[in-house]
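Below: the structure, in structure tokens.
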Amino acid sequence: MALRVAVVGGGPAGSSTAETLAKAGIETYLFERKLDNAKPCGGAIPLCMVSEFDLPPEIVDRRVRNMKMISPSNIEVDIKLTNQDEYIGMCRREVMDAFLRDRAAKLGATLINGTVHKLDIPNSDKEPYTLHYADHSDGSVTGTHKTLKVDLVVGADGANSRVAKAIDAGDYNYAIAFQERIRLPEDKMAYYQDLAEMYVGNDVSPDFYAWVFPKYDHVAVGTGTMKVNQAKIKQLQAGIRARAAKRLEGGKIIKVEAHPIPEHPRPRRVVGRVALVGDAAGYVTKSSGEGIYFAAKSGRMCGEMIVEASNNGQRIPTEADLKQYLQRWDKKYGMTYLVLDILQRVFYRSDATREAFVEMCADMDVQRLTFDSYLYKTVVPANPFIQMKITAKTIGSLLRGNALAP
């Protein structure tokens, strides 16, 4: 029998899963609640994602080649990409997500404008899963109730995943991101032509960072913090607005957004014939808060595992088959998540350590290692001399940070 797969969620994770499955000729259904959804998101993507996922130039609003790190005491460190071909892409999610979703549909995935409300779990390995959803293709908010039976489900429906709840995937800690999109006067916008800013300090976030990221015709100004501090989020947003006030003069708020950011993978990411990818699985990195690339990559890796295990849709994969996707994922990226978790614990715990963090960013060896790992998702080990130098600089920066912190 031919394999039938439902992918719930049409962001980078779901669309990349559906594209991979559709290319293999597998019967694929891609659900998206809101086809024009503009997900609250900083929108930064690494250079490798552009080529790896064949993104056309128009998907990238800005090619950022300069970063400005700003410490609690307002010490500024400029970080520049020296290679003319390198950049950090700044995207609007409504543009990128629509492109990836439409491409999956063109390759053969059936795109359903619907909200999945419930997932019926079968009693045996042979029975199908039943999705209950509201079909919004008639333009109504409530939609028309429909059902769909499939052999396998991929949950790509974000941090508040209903698919994850249906399989009792377990909870995770999360952060709250708050962001304002601000349209600036031309002269102010010119300043952010290819520049992004990151601010650290207790006034903007007790455990994360705040940002000013350039978009097509506006900037995204926001901050994030763990859920224990979520009551302070508007106070922290006022903090970043105050720190960046001179650069935002004359700006007009055009949109206010907020969303949860997973802080670690869920306890169970594969249960039965259901697999989780992207934010639903908890694939957002500590320290940087990056999730777009890892969402798309996890979707593709999950899709590839399904294609392989099903022999291009000729058999139904088992839970053991799907768990091979997790093994591959953890082997490839587990260390990345661990290192970034440690960095956040070390450098984001006080204003003194944040001063040290910004000071370290001025070192060219640190910059090169950081950009190599971010832009290309490959960590090239430094030679022993450079490693010793960075270690010594880290200790020195942490000691000096206590003197510099306000």
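The values are calculated or read from the model by the stated rules, or taken from the named source; none is laboratory data. Everything quoted here is computed from the prediction, not taken from an experiment. Here the Cβ positions follow ideal geometry from the backbone for every residue, glycine too, while neighbour counts run over all protein chains shown. Just the protein is used for accessible areas: all its heavy atoms, side chains included, with ligands, DNA and RNA removed. Shrake-Rupley method; radii C 1.70, N 1.55, O 1.52, S 1.80 Å.
Values as computed for the structure displayed
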{"quantity": "Test: residue in segment 204-220 that is basic (Lys, Arg) and surrounded by fewer than 19 Cβ atoms within 10 Å (Cβ to Cβ)", "calculated": "no"}
{"quantity": "Unmet criterion (only one of (1) free of Cβ contacts under 8 Å to residues at least 12 places away in the same chain; (2) assigned to a strand (DSSP E or B)) for residue 190", "calculated": "(2)"}
{"quantity": "All helices (runs of 4 or more DSSP H) inside segment 293-406 with 3 or more residues being at pLDDT 95 or above and surrounded by 14 or more Cβ atoms within 10 Å (Cβ to Cβ)", "calculated": "319-347"}
{"quantity": "Close pairs (9 angstrom Cβ cut-off, 6 or more residues apart or separate chains): of a type in the set (Lys, Arg) in segment 39-60, part of a loop (DSSP other than H, G, I, E, B) and buried (at least 19 other Cβ atoms within 10 Å of the Cβ) anywhere", "calculated": "39/11; 39/158"}
{"quantity": "Selected residue [of a type in the set (A, V, I, L, M) and either surrounded by fewer than 21 Cβ atoms within 10 Å (Cβ to Cβ) or part of a strand (DSSP E or B) (or both)] from 280, 238", "calculated": "238"}
{"quantity": "Single residue of segment 163-176 satisfying the filter (of a type outside the set (A, V, I, L, M, F, W, C) and farther than 19 Å from residue 291 by Cα) that is least open to solvent (accessible area, probe 1.4 Å)", "calculated": "170"}
{"quantity": "All positions within segment 118-160 that are more than 24 Å from residue 26 (Cα to Cα) and touching a helix residue (DSSP H, G or I) at 6+ places or on another chain (Cβ under 8 Å)", "calculated": "159"}
{"quantity": "Single match in 145, 218 (criterion: without any contact (Cβ under 8 Å) to a residue 24 or more places away in the chain, farther than 22 Å from residue 293 by Cβ and over 19 Å from the mean Cα position of the chain (by Cα))", "calculated": "145"}
{"quantity": "Residue match in segment 166-177 (condition: assigned to a strand (DSSP E or B), more than 29 Å from residue 272 (Cα to Cα) and in contact (Cβ under 8 Å) with a residue 40 or more places away in the chain)", "calculated": "yes"}
{"quantity": "Verdict on residue 292 being touching an Asp or Glu at 6+ places or on another chain (Cβ under 6 Å) and under 30 Å from residue 108 (Cβ atoms)", "calculated": "no"}
{"quantity": "Subset of segment 242-274 (residues that are open to solvent by 70 Å² or more (accessible area, probe 1.4 Å) and touching a helix residue (DSSP H, G or I) at 6+ places or on another chain (Cβ under 7 Å))", "calculated": "249"}
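Table: residues versus (1) in contact with a strand residue (DSSP E or B) (Cβ under 6 Å, 6 or more places away or on another chain); (2) among the aliphatic types (A, V, I, L, M).
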residue	(1), (2)
128	yes, no
133	yes, no
136	yes, no
140	no, no
154	yes, yes
